[in-house]
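Right, one structure below, let's go through it.
The values are calculated or read from the model by the stated rules, or taken from the named source; none is laboratory data. Here the structure is a predicted model, which is why all the values come from computation and not from measurement. No Cβ is skipped: glycine too gets one built from the backbone with ideal geometry, and neighbour counts run over all protein chains shown. Calculation scope for accessible area: heavy atoms of the full protein, side chains included, ligands and nucleic acids excluded. Shrake-Rupley method; radii C 1.70, N 1.55, O 1.52, S 1.80 Å.
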Amino acid sequence: MTQATVNTAPSKMRRLDPEDAQLALQRLQSILKRQEVVNLLSDDDQQNEPSEELTQLTHRHHEEEIRAIINNLHPADIAFILESLPEPERQLVWDQVSDEYDADVLLEIEDWVRESLIKSMDTEELIAAASNMDADEIADLAPDLPPDVIAEVQKGLTDAERAQLIAAMGYPEDSVGAIMDFEMVRVREDVSLEVVLRYLRRLQELPDHTDQVFVVDRGDRLQGTLSLTTLLVSDPDSLVSSVMNTDYFYLHPLDPDTDAANAFERYDLVSAPVVDDYGRLIGRVPIDEVIDVLQEDSQEQELSRAGLQEEDIFAPVFSALRNRAPWLLINLCTAATASFVASRFEDTVSHIVILAFLMSIVAGIGGNSGNQTMTMIIRAMAMGRITGANIWPLVKRELLVTFLVGACGSLVTAGFAWFISRSIPIALVMMAAMIGNMLVGAALGVLIPTLRSRFGKDPAVGSSVLLTFGTDSLGFFIFLGLATIFLL
């Protein structure tokens, strides 16, 4: 990292706009492209000393341009730009980021980019960056930091901060304890609101997303919550105990972070206290952490349905191959199975050639129907709305809805089949096969994620691949089987 020079010092006033990051990315790509051209010309003229000096001067000018752009952005925008660049260019830009932004950028950036950035930093830079972080933030980065950096950073922590760091690192990755914040405001119930207000005024600033003050006893056991709104509008002479809310929502550190996200969505929370087994207040979960959880879960779900894991979009080819090949090979096997099923009806297709053009419609409609059902089921499972008691009624409902939709849609399909074949029997077979495969798709859309969840697997991983296998194979079998029985 380089220290920002006086004329490129980071501005303290920023216009926060995602479009600014897009424009900055385009400007940086233009500068990096010019840099690449200069490097090519320099390689062709290595013996010319004046040319070498001019190249170095041009490089310094490009670095100043990069600093002027990158250090005037919000850390989240800097992280976005770094994620959008190939690794060599990413490193060139990262080297020009001001030291004061290192910690914030490392916390904002995706895991798959953070690892490469940390590898490029020396021990002193990592220690300086980590020293500006809170205990919970250090815990987030700890898996990627070298042990000697962690050991050195711990020396600068107070006993309380060191205990918080150890506690945060002890919770599972997808738990409330892993995302909770240790910064919060606590007060006693036997003091007046005027005392609380004076206490808050003495603080340099409130923790981010503070919407309530937590009321605890001498043993740090949570007694209630006091919203800032109540604090401001109530009589200053009132005691905290008379206005605090004793009907509050709290979380346990071992609760899944998805449960916390669901609770925030359901109850419109801004923050929530985290309480241990003894009722002691040990932290809080702010809304920004919950938003990160929701975003990560959404991204993971989209990738996992296609059998993918999160990866650097500019990762080396062999790394991408390891990520994508397994489910593609499974998909190849499933497609081969579907083709094998169709090949068993070679005589039927050879006698009625029009069937070869129609059977893809049956498979495609069944897959789309199943995808609709499966998307709803996976989301309901993520929200905790599916239990063993309601799964079978849900299957029956989806089958009924699919049958009614299929009955209406099959009339259109039958009309199309009659139009191109001029055969009512073919139209009727097409109609029956479409309804049958849509029912298959709906049933698989419920059963695939449910069974994967029952066996402790992610219900979204590879679900679309398995669904396509079922609807293609059974769709061909149903359509060609009915054609064999009723048309030959």
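Residues in the range 253-283 that are farther than 19 Å from Met184 by Cα and open to solvent by less than 10 Å² (accessible area, probe 1.4 Å): Ala261, Ala263.
Could you tell me whether any residue of the range 337-348 is under 34 Å from the mean Cα position of the chain (by Cα), open to solvent by 40 Å² or more (accessible area, probe 1.4 Å) and at pLDDT 85 or above? It would help to see each step written out before you state the result.
First, the residues of the range 337-348 that are under 34 Å from the mean Cα position of the chain (by Cα): 337-338.
From what's left, open to solvent by 40 Å² or more (accessible area, probe 1.4 Å): 337.
In the following step, the residues that additionally are at pLDDT 85 or above were identified as 337.
Yes.
Note on the range 241-271: residues that are of a type in the set (D, E, K, R) and farther than 25 Å from Pro172 by Cβ amount to 2.
What do you reckon, is Leu232 of a type outside the set (S, T, N, Q) and within 24 Å of Glu296 (Cα to Cα)? So Leu232 fails the test.
Taken together, Leu145, Leu197 contain a single residue that is surrounded by 14 or more Cβ atoms within 10 Å (Cβ to Cβ) and touching a Leu at 6+ places or on another chain (Cβ under 9 Å), which is Leu145. Among residues of the range 117-141 being surrounded by fewer than 17 Cβ atoms within 10 Å (Cβ to Cβ) and under 17 Å from Ala79 (Cα atoms), the one that is nearest to the chain's Cα centre (by Cα) is Lys119.
It is to be established whether one or more residues within the range 203-214 are without any contact (Cβ under 8 Å) to a residue 24 or more places away in the chain, touching a strand residue (DSSP E or B) at 6+ places or on another chain (Cβ under 8 Å) and either surrounded by fewer than 17 Cβ atoms within 10 Å (Cβ to Cβ) or of a type outside the set (Asp, Glu) (or both). Before the answer, list the steps.
Restricting attention to the range 203-214, the residues satisfying the condition of being without any contact (Cβ under 8 Å) to a residue 24 or more places away in the chain are 203-206.
Restricting the remaining residues to those that are touching a strand residue (DSSP E or B) at 6+ places or on another chain (Cβ under 8 Å) gives none.
The answer is no; no qualifying residue exists.
If you go through the range 43-64 one residue at a time, do you hit one that is closer than 30 Å to Glu108 by Cβ, open to solvent by less than 70 Å² (accessible area, probe 1.4 Å) and modelled with pLDDT of 85 or more? The answer is yes, given that some residue of the range 43-64 is closer than 30 Å to Glu108 by Cβ, open to solvent by less than 70 Å² (accessible area, probe 1.4 Å) and modelled with pLDDT of 85 or more. Hey, does the range 67-74 have a residue that's part of a helix (DSSP H, G or I), open to solvent by 30 Å² or more (accessible area, probe 1.4 Å) and either at pLDDT below 90 or closer than 30 Å to Glu300 by Cα (or both)? No, the conditions are met nowhere in the range 67-74.
So, in the range 421-434, exactly how many residues are crowded, with 21+ Cβ neighbours inside 10 Å and out of contact with any Leu (no Cβ under 9 Å at 6 or more places or on another chain)?
Taking the range 421-434 and keeping what is crowded, with 21+ Cβ neighbours inside 10 Å, we get 426-427, 429-431, 433-434.
With the extra rule that they be out of contact with any Leu (no Cβ under 9 Å at 6 or more places or on another chain), the set shrinks to 427, 434.
Result for the range 421-434: 2.
Could you check the range 447-488 and list, in sequence order, the residues that are open to solvent by less than 10 Å² (accessible area, probe 1.4 Å), in a helix (DSSP H, G or I) and over 26 Å from Val429 (Cα atoms)? Pro449, Ser463, listed by residue number. The single condition among (1) under 30 Å from Glu300 (Cβ atoms); (2) of a type outside the set (Lys, Arg); (3) in contact (Cβ under 8 Å) with a residue 60 or more places away in the chain; (4) buried (at least 17 other Cβ atoms within 10 Å of the Cβ) that Trp112 does not satisfy is (4). The single residue among Gly170, Gly177 that is at pLDDT 85 or above, small (Gly, Ala, Ser), under 21 Å from Pro253 (Cβ atoms) and surrounded by fewer than 14 Cβ atoms within 10 Å (Cβ to Cβ) turns out to be Gly170.
Within the range 372-387, the residues that satisfy the criterion of being at pLDDT 80 or above and open to solvent by 50 Å² or more (accessible area, probe 1.4 Å) are Gln372, Thr375, Met376. Scanning the range 215-224 for residues that are under 20 Å from Phe264 (Cβ atoms) and open to solvent by less than 10 Å² (accessible area, probe 1.4 Å) gives a single hit, Gly224. Applying the criterion of being of a type in the set (S, T, N, Q) and part of a helix (DSSP H, G or I) to the residues of the range 130-166, the residue that is nearest to Met184 (Cα to Cα) is Gln164.
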